[in-house]
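Here the structure comes first, spelled out in structure tokens, and everything after it is commentary.
The values are calculated or read from the model by the stated rules, or taken from the named source; none is laboratory data. Predicted model only: the values in this text are computed from it and were never measured. So basically every Cβ, Gly included, is an ideal-geometry build from the backbone, and we count neighbours across all protein chains shown. Each accessible area value is taken on the protein alone, full model and side chains, heavy atoms only, with ligands, DNA and RNA left out. Shrake-Rupley method; radii C 1.70, N 1.55, O 1.52, S 1.80 Å.
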Amino acid sequence: QQQVKQSPQSLIVQKGGISIINCAYENTAFDYFPWYQQFPGKGPALLIAIRPDVSEKKEGRFTISFNKSAKQFSLHIMDSQPGDSATYFCAAPSGKLIFGQGTTLQVKP
Amino acid sequence: SAVISQKPSRDICQRGTSLTIQCQVDSQVTMMFWYRQQPGQSLTLIATANQGSEATYESGFVIDKFPISRPNLTFSTLTVSNMSPEDSSIYLCSVEKETQYFGPGTRLLVL
């Protein structure tokens with residue numbers, strides 16, 4: 001069973017700060033790495049995804065960094081806002097999506 | 001992208017009863033997935049449903065407990081049978097179109 005290890009489990013950031021969430025995977029046969037954002041009472045929504053042939057992808061305040069040799073990828077949220085407070089899941093597809101354990105982000109005003 | 005709807009959005013059920021959850025997609029898709037998300041936990045895949053074939057269940061999930069139908073390329077149902085309080089969870093439908101998209105979920109509470 002392939003695993004994706006996500007850290008930290010929870011994160012508190014001041015408004016305007018940078019939120020960083022990390023994921024490590026075990027298998028190299030993944031063709032993309034998505035991040036999902038889930039608000040309470042909602043289903044997970046695709047936030048941003050990166051392909052393994054790219055080292056970084058930026059969409060607005062959200063950036064994925066990918067380190068293939070270390071088998072790690074991370075999500076950076078720049079200028080974090082209270083509206084970013086949610087649970088974030090990384091995932092890696094290997095025939096099926098394997099999810100990390102989730103990170104609960106709280107951005108304090 | 002894909003727009004996914006689920007019915008019901010939430011329900012409270014009695015122990016021993018069954019609930020069927022419906023999932024509708026706005027376009028034809030080959031693969032549909034059903035997930036369970038227990039309170040405060042990550043997502044666990046229950047089964048993969050392809051049109052015209054039997055669903056494929058993950059370890060720990062069986063067809064008698066979670067029968068799935070996939071009558072066409074835009075619709076699927078998941079039934080949670082003979083429910084117990086341990087089945088209280090969010091059940092999520094998902095489809096793959098280049099990447100994977102999720103429905104809003106069905107919040108089930110079993111008393």
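Around A:GLN14, under 13 Å between beta carbons, what's the net of Lys plus Arg minus Asp minus Glu among the other residues?
Values: positive: A:LYS15, A:LYS108; negative: A:ASP79, A:ASP84.
Local charge sum for A:GLN14: 0.
Which cysteines does chain B leave without a neighbouring Cys Cβ under 4.7 Å?
Among the cysteines of chain B, those whose Cβ sits 4.7 Å or more from every other are B:CYS13.
What dipole magnitude, in Debye to the nearest 20, does chain A give about its Cα centre under +1 on Lys/Arg Cβ and -1 on Asp/Glu Cβ? Intermediate values should be presented prior to the final figure.
Working: 11 positive and 7 negative charges, 24 e Å.
With Lys and Arg at +1 and Asp and Glu at -1, about 120 debye.
Any chance you could check the Cα centroid distance between segment B:66-111 and segment B:13-62 for me, in angstrom?
Each part's Cα centre sits 4 Å from the other's.
Note down the nm distance, to one decimal, between modelled labels 7 Å out along Cα→Cβ at B:GLN41 and at B:LEU73.
Label-label distance for B:GLN41 and B:LEU73, simple model: 3.5 nm.
At 1.4 Å probe size, with no ligands or nucleic acids counted, give the accessible surface of A:VAL4 in Å², nearest ten.
10
Can you compute the FRET efficiency between B:MET31 and A:VAL54 using 1/(1 + (r/R0)^6), with r the Cβ-Cβ distance and R0 = 30 Å? Round to the nearest 0.05.
Working: r = 25 Å, r/R0 = 0.83.
After rounding to 0.05, the efficiency reads 0.75.
Among all the lysines, which ones have a C-alpha under 19 Å from A:LYS68's C-alpha, if same-chain residues fewer than 8 places away are not counted?
A:LYS5, A:LYS57, A:LYS58
If you project the alpha carbons of segment A:10-73 onto their three principal axes, what span does each projection cover, largest first, in Å?
Result, largest extent first: 33, 26, 22 Å.
Computed from the mean reciprocal separation of all distinct C-alpha pairs, what Kirkwood hydrodynamic radius does chain A have, in Å? Before the final figure, lay out each step's value.
Details: mean 1/r = 0.0723 Å⁻¹.
When all Cα pairs of chain A are included, the Kirkwood radius is 13.8 Å.
Take chain B, mark every one of the GluC sites (Glu not before Pro) that falls in a DSSP loop and has at most 11 other Cβ within 10 Å, then report the longest stretch left between them, sites excluded. Don't skip to the end; give the middle numbers.
Numbers: sites that count: B:GLU54, B:GLU98.
The longest uninterrupted stretch comes out as B:1-53.
Rounded to the nearest angstrom and ordered from largest down, what semi-axes does the equivalent ellipsoid of the protein assembly as shown get from its C-alpha gyration tensor (root of 5λ)?
Numbers: eigenvalues 184, 81, 47 Å².
Square roots of five times the eigenvalues give 30, 20, 15 Å.
Run the numbers on segment B:79-111: which residues show a drop of 40 Å² or more in accessible area, chain on its own versus all protein chains together, using a 1.4 Å probe over heavy atoms?
With the partner chains in place, segment B:79-111 has these residues losing at least 40 Å²: B:THR99, B:GLN100, B:PHE102, B:ARG107.
Probe radius 1.4 Å, ligands and nucleic acids ignored: give me the carbon and sulfur share of the accessible area of segment B:19-81 as a rounded percent. Intermediate values should be presented prior to the final figure.
Working: 1360 of 2900 Å².
Result for segment B:19-81: 47 percent of the exposed heavy-atom area is carbon or sulfur.
Which aspartates and glutamates, on any chain, are close to A:LYS42 with Cα under 20 Å apart, when same-chain ones fewer than 8 places away are left out?
Counting by Cα, and skipping residues close in sequence, A:LYS42 has these aspartates and glutamates nearby: A:ASP84, B:ASP11, B:ASP26, B:ASP87, B:GLU96.
May I ask you to evaluate 6.51 cos²θ - 1.76 cosθ + 1.60, the Karplus curve with θ = phi - 60°, for each residue of segment B:69-74 and list the ³J(HN,Hα) values in order in whole Hz, giving x for glycine and proline?
10, 9, x, 8, 7, 10
In what order, largest first, do B:ASP26, B:ASP64, A:ASP79, A:ASP84 sit by accessible area if the probe radius is 1.4 Å?
Values: B:ASP26 95, B:ASP64 130, A:ASP79 75, A:ASP84 10 Å².
Reading off the accessible areas and sorting them downward yields B:ASP64, B:ASP26, A:ASP79, A:ASP84.
DSSP loop (so not H, G, I, E, B), at most 16 other Cβ within 10 Å: list which GluC sites (Glu not before Pro) in segment A:6-109 pass both filters.
Numbers: sites: A:GLU26, A:GLU56, A:GLU59; in loops: A:GLU26.
When the GluC sites (Glu not before Pro) of segment A:6-109 are filtered for loop state and at most 16 Cβ neighbours within 10 Å, A:GLU26 remain.
Which net charge results for the neighbourhood of B:VAL62, defined as the other residues with beta-carbon distances under 15 angstrom from its beta-carbon, given Lys and Arg at +1 and Asp and Glu at -1?
Values: positive: B:ARG36, B:LYS65; negative: B:GLU54, B:GLU58, B:ASP64, B:GLU86, B:ASP87.
In short, -3.
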